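Q: First, the structure itself, so that you have it in front of you.
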Amino acid sequence: MNYNTCFHLLLALFISFSVLCLAMTAKNLNSDQFALLEFKDRLADPQNVLANNWTASTSVCRWIGVSCGIIHERVIALNLTSMNLRGTIPPYLGNLSFLLSLDLSRNNFYGLLPKELGQLHRLKILRLSFNSLNGEIPSWLGNLHKVQRLQMTNNTFTGTIPQTLVNISNLEIFNLIFNQLSGQVPSSIFNISSMKIIALSGNSLSSSLPNDMCQHLPKLEGLYLSWNEFSGNIPSSIGKCNNLKNLSLSYNQFVGIIPRSIGNLTRLEELYLGFNNLEGQIPEEIGNLLSLEMLNIQAIKGLTGPIPSSIFNISSLKAIGLSKNSLSDSLPNDMCQHLPKLEELSLSSNELSGNIPSSIGKCNNLRILSLSINKFTGIIPRSNLPSMTNALKLEYLILRGNKLSGNIPNSISNVSMLKFLDLVDNLFSNPIPKTLGNLRHLERLQIMNNNLITGSTDHEWTFLSSLANCRHLRKITVSGNPLSGALPTYIGNLSTSLQRFYADHCELEGNIPMEVGNLSNMLVLELGNNKLSGFIPKSLGGLRNLQGLGLFSNKLEGPISKSLCDLERLYNLFLGLNKLYGSIPSCLGNITSLRYLCLESNKLSSAIPSTLWNLKDILEVDLSSNSLNNSHALDVGDLRSLLKLNLSRNILTGDILSTFGGFKTLVSLDLSNNILHGHIPESFGGLISLEFLDICNNNLSGVIPKSLEKLLYLKYFNVSFNRLEGEIPIEG
């Protein structure tokens, strides 16, 4: 065979081989295309993303969400995240044999995972998060030996985590957060040495953690186990997860002490241990965590002793949350010398005492300071509040429930970013500063239950005038201070963003100014327990968003204004303990949102309007101690949700109708001190929730019905001063 013959033969073989390879590539591409077209045809695609793009006339490698390999030109990645696709995952994806990455997250897939996905032996990334997939996690996932990232968060998977997942020996990210998984976590999961993230929060997983859990996890960076039912001790071996950056064990049932070995996690950035059953003290070794940014150990009543001073030397800290424990002792005087990045300090609901350190103002980046419900003391001019005014980025200052005294300094206005000021339940005194009005970002002002005053001889509420500058103000609470004086007309100048105004127990006098009606977005107006007089202004009817109106225990007089019937969203109406007279407006029965109607201890007269009994969802009606009457037998209709009915001390007459027995939810019924006659209805035995029954001082006759023995929850029963006869039922 000569040279030319050999050359031509080799050329022919090469061309044949090339044609064969091209044919095979085309065939393989066609199989991938077929699989994806079948996948598309079985899904709802409301935005037509796939319908308009995945067509047989274009190469599959150019389709949206599809990536192909360079060498084989096979489909190696499918990313269809956030495309609003809906349906079960079709099995045809299992035919994409070269697939390395599958991402179907943030869609509306539901149902079981098709077993055909177990054929994707090259798969390295599987992301199915934020769908509605359900059923058990299939054991065949363990066949996907090359998977490095398994992310199936925010679905509704049930059952246990299969043991076979230990076969995924290259797994780095294991994320099943927020499903409905239960049972034990296979201990072998903690033996996968490649693991970087274990995220199982938000399930119902139980049992204890293995004692040697960190012996085989040299690369672990995140352990997220919060919101489960784990119990037992936190293993001391946790300190051997040297690369751990996030440890989240909160909202479980862990017991015992916080292990000192946590101090060995020198790369830790976030630590969450709250809402467990731990006890003992916070270990001093936590001060070794020099990379820590977030420290959150809250709601552990067994956690006692002082806060380790070493914590306040961790200069990387951005947030310290140690609220709702039983921590005691005082805070170090230099606590803010080494916390340049601190943005949040929350130590509320403990037993901390002493002065609030003056160095608090050196936490220059502090946005949230919550020290409420402790035992902090101090005369303000000599201690702390002025120093806090140096924290210029402060947005939330919450000091309620301590024993702080002195005045609120004018320098409070320096904290120009302040949104929420809460000084409730302290011993502050002297005038409320006018400079509060300089806090242009203020949204909530809560200073109730102190000894604050207005500061002028005529008790002028000048601080209220300054608050008109706070255009974002949504809540003012000044209740429980001896402010005296009258509500000024310029209350109507407050921002229309104001939703809640509480000024009960303030020794207020004079009339309610009609300008209150300017506050068009008001939800709650509370002026009870004062000495207000005059009429209820008709302008209140303009507060169309009002849900709560409390004017009880004042000296208000005149009729109940029919303008109140315009408050279509009203939930509470408290007008008791005043001097109101006239009739109850029948239009109150049109306020279908009303749940509490309390008009007791006034001088109201005439008949109770029958329209009130149209309020099917009302929970409490108190019309006691008036001069109300009824033109027919006593009938209050069919109030399916009623809990408390008090019509005592009126001049009601006639029989009690049997319809009363239909109130299955009624807990308290008081019809005493009227002129009711006839028999106690047998149907009273149907008041199965009743705890309080008082029908004394009427003209009732006959026997006490034996059906009352069915009232198993009855604690108070008074039928005295009637004309009853026979035996008193003894059972029930």
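The values are calculated or read from the model by the stated rules, or taken from the named source; none is laboratory data. Here the structure is a predicted model, which is why all the values come from computation and not from measurement. Positions of Cβ are generated from backbone atoms using ideal geometry, with glycine treated the same way; all protein chains shown enter the neighbour counts. These accessible areas exclude ligands, DNA and RNA; they are computed on the full protein's heavy atoms, side chains included. Shrake-Rupley method; radii C 1.70, N 1.55, O 1.52, S 1.80 Å.
Q: Which numbered condition trips up residue 110, out of (1) part of a strand (DSSP E or B); (2) open to solvent by less than 20 Å² (accessible area, probe 1.4 Å)?
A: Going through the list (1) part of a strand (DSSP E or B); (2) open to solvent by less than 20 Å² (accessible area, probe 1.4 Å), residue 110 breaks only (2).
Q: Take the residues in the range 247-256 that are crowded, with 17+ Cβ neighbours inside 10 Å and of a type outside the set (Gly, Ala, Ser), then tell me which one is nearest to the chain's Cα centre (by Cα).
A: My answer is 251.
For every residue, the table says whether it meets (1) of a type in the set (Asp, Glu); (2) within 25 Å of residue 64 (Cα to Cα); (3) open to solvent by less than 10 Å² (accessible area, probe 1.4 Å); (4) in contact with a strand residue (DSSP E or B) (Cβ under 8 Å, 6 or more places away or on another chain).
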| position | (1), (2), (3), (4) |
| --- | --- |
| 101 | no, yes, no, yes |
| 135 | no, no, no, yes |
| 152 | no, yes, yes, yes |
| 167 | no, no, no, no |
| 173 | no, no, no, yes |
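Q: Being at negative phi, at pLDDT 95 or above and of a type in the set (S, T, N, Q) is the requirement here; does residue 129 meet it?
A: yes
Q: I'm trying to understand the selection: among the residues of the range 664-683, which are buried (at least 20 other Cβ atoms within 10 Å of the Cβ) and in contact with a strand residue (DSSP E or B) (Cβ under 8 Å, 6 or more places away or on another chain)?
A: Once the filter is applied, which keeps residues that are buried (at least 20 other Cβ atoms within 10 Å of the Cβ) and in contact with a strand residue (DSSP E or B) (Cβ under 8 Å, 6 or more places away or on another chain), the range 664-683 yields 666, 669, 670, 671, 672, 674, 676, 680.
Q: In this structure, is residue 307 within 28 Å of residue 377 (Cα to Cα), without any contact (Cβ under 8 Å) to a residue 40 or more places away in the chain and buried (at least 20 other Cβ atoms within 10 Å of the Cβ)?
A: Here the answer is no, as residue 307 does not meet what is asked.
Q: For residues in the range 310-328 being assigned to a strand (DSSP E or B) and farther than 20 Å from residue 343 by Cβ, which is most open to solvent (accessible area, probe 1.4 Å)?
A: Top of the filtered list is 328.
Quick grid of which residues meet (1) more than 16 Å from residue 36 (Cβ to Cβ); (2) touching a strand residue (DSSP E or B) at 6+ places or on another chain (Cβ under 6 Å):
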| residue | (1), (2) |
| --- | --- |
| 71 | yes, no |
| 78 | no, yes |
| 85 | no, no |
| 97 | no, no |
| 119 | no, no |
| 124 | yes, no |
| 128 | yes, no |
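Q: To continue, here is another question. Kindly indicate the residue of the range 25-47 that is modelled with pLDDT under 90 and open to solvent by 40 Å² or more (accessible area, probe 1.4 Å) and also nearest to residue 110 (Cα to Cα) among those meeting that condition.
A: 31
For every residue, the table says whether it meets (1) of a type in the set (Val, Ile, Thr); (2) in contact with a Lys or Arg (Cβ under 7 Å, 6 or more places away or on another chain); (3) touching a residue at least 24 places away in the same chain (Cβ under 8 Å).
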position: 130; (1), (2), (3): no, yes, yes
position: 134; (1), (2), (3): no, no, yes
position: 159; (1), (2), (3): no, no, yes
position: 170; (1), (2), (3): no, yes, yes
position: 177; (1), (2), (3): yes, no, yes
position: 199; (1), (2), (3): no, no, yes
position: 205; (1), (2), (3): no, no, yes
position: 208; (1), (2), (3): no, no, yes
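Q: All but one of (1) within 27 Å of residue 194 (Cβ to Cβ); (2) out of contact with any Asp or Glu (no Cβ under 6 Å at 6 or more places or on another chain) hold for residue 68; which doesn't?
A: It is condition (1) that residue 68 fails.
Q: Within the range 354-379, how many residues are open to solvent by 40 Å² or more (accessible area, probe 1.4 Å) and either among the small types (Gly, Ala, Ser) or within 16 Å of residue 315 (Cα to Cα) (or both)?
A: 4
Q: Further, regarding this structure: Which condition number does residue 358 fail, the rest of (1) at positive phi; (2) at pLDDT below 95 being met?
A: Just one mismatch for residue 358, condition (1).
Q: I'd like the full set of residues that are more than 24 Å from residue 291 (Cβ to Cβ), open to solvent by 40 Å² or more (accessible area, probe 1.4 Å) and in a strand (DSSP E or B), limited to the range 329-352.
A: The answer is 329, 351.
Q: I'd like to know if the range 591-608 contains one or more residues that are touching a Cys at 6+ places or on another chain (Cβ under 7 Å), crowded, with 16+ Cβ neighbours inside 10 Å and of a type outside the set (Ser, Thr, Tyr).
A: There is at least one residue in the range 591-608 that is touching a Cys at 6+ places or on another chain (Cβ under 7 Å), crowded, with 16+ Cβ neighbours inside 10 Å and of a type outside the set (Ser, Thr, Tyr).
Q: Let me ask something additional. Do any strands (runs of 3 or more DSSP E) entirely within the range 638-732 hold 1 or more residues that are under 30 Å from residue 593 (Cβ atoms), and if so, which?
A: Counting at least 1 such residues, we get 644-646, 668-670, 692-694.
Q: Can you tell which of 264, 243 is in contact with a Leu (Cβ under 8 Å, 6 or more places away or on another chain) and either of a type in the set (S, T, N, Q) or open to solvent by 10 Å² or more (accessible area, probe 1.4 Å) (or both)?
A: Just one listed residue meets the conditions, 243.
Conditions (1) among the hydroxyl-bearing types (Ser, Thr, Tyr); (2) in contact (Cβ under 8 Å) with a residue 40 or more places away in the chain; (3) open to solvent by less than 10 Å² (accessible area, probe 1.4 Å), marked per residue:
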site: 559; (1), (2), (3): no, no, no
site: 581; (1), (2), (3): yes, no, no
site: 587; (1), (2), (3): no, no, no
site: 610; (1), (2), (3): yes, no, no
site: 642; (1), (2), (3): no, no, yes
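Q: Note down all Cβ pairs under 9 Å where the first residue falls in the range 386-408 and is closer than 18 Å to residue 420 by Cβ and buried (at least 20 other Cβ atoms within 10 Å of the Cβ), the second is β-branched (Val, Ile, Thr) and modelled with pLDDT under 80, and they're at least six residues apart or on different chains.
A: Every condition considered, the pairs that remain are 404/379; 404/380; 408/380.
Q: With the checklist (1) part of a loop (DSSP other than H, G, I, E, B); (2) under 30 Å from residue 362 (Cβ atoms); (3) over 33 Å from the mean Cα position of the chain (by Cα) in hand, flag the one item residue 460 doesn't pass.
A: Single failed check for residue 460: (2).
Q: Go through the range 268-296 and give me each residue that's open to solvent by 30 Å² or more (accessible area, probe 1.4 Å) and more than 15 Å from residue 317 (Cβ to Cβ).
A: Those that are open to solvent by 30 Å² or more (accessible area, probe 1.4 Å) and more than 15 Å from residue 317 (Cβ to Cβ): 275, 277, 279, 281, 284, 285.
Q: If you go through the range 48-63, how many residues are open to solvent by 40 Å² or more (accessible area, probe 1.4 Å) and farther than 14 Å from residue 33 by Cβ?
A: 3
Q: Further, regarding this structure: In contact with a Pro (Cβ under 9 Å, 6 or more places away or on another chain), open to solvent by 10 Å² or more (accessible area, probe 1.4 Å) and within 15 Å of residue 635 (Cβ to Cβ), is that true of residue 653?
A: no
Q: Here's a follow-up. Counting just the residues of the range 409-443 that are assigned to a loop (DSSP other than H, G, I, E, B) and of a type in the set (D, E, K, R), which one comes out most open to solvent (accessible area, probe 1.4 Å)?
A: Ranking the candidates gives 440 first.
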